[in-house]
Amino acid sequence: MSVLSISETDGLYYELNEATSSSGKTFVFINAITGDASMWENSIAPMLRTAGHGTLAYNFRGQANSPFTPGLELTETVIVEDLVHLLKELAPQNLILVGLSIGSLYAVKAMAKGIAVDGVVLINMLRRIGTRIQWMNDIVPQLMAAGGPTLMRDAYTHLITGPEFAEKTRASVFDAPPEYAPMDPDCGPMNLVTHMGAANWDVKYENITAPALVVSGLHDRVFYDAAIFEELYARIPNATRVDMDHVGHMIPVEDPDALAKCILDFVA
């Protein structure tokens, strides 16, 4: 396990693998608020490494194995500054940033701070914060406070995943209902979800000049709005679009093989 120290009490857990091909890229995976590096390392990162590319997966402060100072508010500003710091310290080459959900927002904001990239993959990012999404941002901390991340997962899986994945998950929710337990209000995951709703989604999409792969799971019933997506996508100058009609928000978990293949097609 590698941890990049930020201070005496804070650090970022990461897994870095160099490219084995002279033309290889380094894919930097940027989690959603409730994710962690293992989501990418289960199959997506190994598939990209098999093709000769390098990978860098890491966890935000407050996620697994990334310590933080008690009381520090884990805001968008902290997360983006940490990403910039990580990339400058490790200095991987030929970067392609790969963000899931709000992780894509952090990727775009790191680019705006001067991180040079060969490309960016935006997975289920394009959105405008209206009543529905703000409701979810506000209710998630309450759900986690009442029953932890398991309650949050069980409450939303059917809305943010495709029907095949939801059917596979259903038995674990209803056949043998899990016991829900309140989450420690001072722990990292609670800190992260408490502040995620304050993120600024007013992105200057016209400034994303690097080649961009925009991937959408059309069964995402919370974040995906076709009209808003079309409007925002049209503002990205050099974009390639992939719509997946069998999955929802959690594409890296629902169909990692299909996601890895479309990423490899993009860089090819």
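One table, with the values for the structure above:
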quantity: Hz values of 3J(HN,Hα) by residue in segment 35-41 - Karplus curve (6.51, -1.76, 1.60), Gly and Pro given as x; calculated: x, 7, 4, 4, 4, 7, 6
quantity: Length-normalised contact order for segment 78-130 - Cα pairs under 8 Å, 6+ apart - percent; calculated: 40
quantity: Ranking of 40, 201 by count of other Cβ atoms within 10 Å, fewest first; calculated: 201, 40
quantity: Exposure proxy order (Cβ contacts within 10 Å, fewest to most) of 267, 173; calculated: 173, 267
quantity: Entries of 25/88; 25/113; 88/204; 25/261 with Cα pairs more than 19 Å apart; calculated: 25/113; 88/204
quantity: Long-range HN-HN contacts of residue 241 with modeled amide H, under 5 Å; calculated: 214
quantity: Residues with amide H under 5 Å from that of residue 28, placed H, sequence gap 5 or more; calculated: 56, 96, 97, 98
quantity: Normalised contact order of segment 7-149, rounded percent, pairs of Cα under 8 Å and 6 or more residues apart; calculated: 26
quantity: Charge dipole (debye, nearest 20) of the chain; +1 at Cβ of Lys and Arg, -1 at Cβ of Asp and Glu; calculated: 520
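Only the coordinates and a few stated rules stand behind these numbers; no lab work does. This one's a predicted model, so the numbers in the text were calculated from it and none came from an experiment. Here Cβ is always computed from backbone atoms with ideal geometry, including for glycine, and neighbour counts include all displayed protein chains.
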